[in-house]
Amino acid sequence: MQFDPRSLATQLSRVKGLGSAKSGTKHFWHQRVSAVALVPLTILFVILLISLAGADYATAVKTLKNPFVAILMLCFVLAGVYHMRLGMQVIIEDYIHTEGTKLFVLMLNTFFAALMGLSAVYALLKISLGM
């Protein structure tokens, strides 16, 4: 007799074709892909910070007006905020057990990530486009 993993699934999850964790694999891969994207972006960000150490405001603005630099910084911000949101989501789901509180904190996490991301994107666009 061969073991059938579907025998452990609930009727609803069998109909939907989902395992017991529902969307864990997708979340896992999004977190890993964003982490891999952040490796070169973080290295470039640190190099940029080192190159601007001791520079005046005008030099920093001139550097960020370069489209290549601005796009890389936007990618760094967006990947970083997304990765932060995913990581905090895992922590919240693991350590908050009351469903109402968990839902509220997960929403706060999403709103905070969106606020931080939009603020950083606005600042970068304002500097790079000279608004």
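Any read-out appearing in this document is the output of simple, stated calculations on the displayed coordinates, not a laboratory observation. Nothing here was measured: the structure is a model prediction, and the numbers come from that model. Reconstructed Cβ throughout: ideal geometry from the backbone, glycine too, with neighbour counts over all protein chains shown.
If we keep just the residues of the stretch 81-119 that are charged (D, E, K, R) and surrounded by 12 or more Cβ atoms within 10 Å (Cβ to Cβ), which is nearest to residue 35 (Cα to Cα)? Steps first, answer last, please.
First, pick out the residues of the stretch 81-119 that are charged (D, E, K, R): 85, 93-94, 99, 102.
Subsequent filtering for residues that are surrounded by 12 or more Cβ atoms within 10 Å (Cβ to Cβ) retains 85, 93, 102.
Numbers: 85: 12, 93: 20, 102: 25 Å.
The extreme case among them is 85.
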Residue pairs within 9 Å by beta carbon, gap of at least six or interchain, first lying in the stretch 99-126 and within 15 Å of residue 78 (Cβ to Cβ), second loosely packed, with under 12 Cβ neighbours inside 10 Å, listed first then second, are 125/131
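Only one of 59, 63 is surrounded by 16 or more Cβ atoms within 10 Å (Cβ to Cβ), of a type in the set (S, T, N, Q), in contact with a helix residue (DSSP H, G or I) (Cβ under 8 Å, 6 or more places away or on another chain) and part of a helix (DSSP H, G or I); which? Explain how you work it out, then say what you get.
On the way: 59 fails: surrounded by 16 or more Cβ atoms within 10 Å (Cβ to Cβ).
Testing whether each residue is surrounded by 16 or more Cβ atoms within 10 Å (Cβ to Cβ), of a type in the set (S, T, N, Q), in contact with a helix residue (DSSP H, G or I) (Cβ under 8 Å, 6 or more places away or on another chain) and part of a helix (DSSP H, G or I) leaves just 63.
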What's the number of the only condition in (1) touching a Ser or Thr at 6+ places or on another chain (Cβ under 7 Å); (2) in contact (Cβ under 8 Å) with a residue 40 or more places away in the chain; (3) not basic (Lys, Arg) that residue 89 fails to meet? (1)
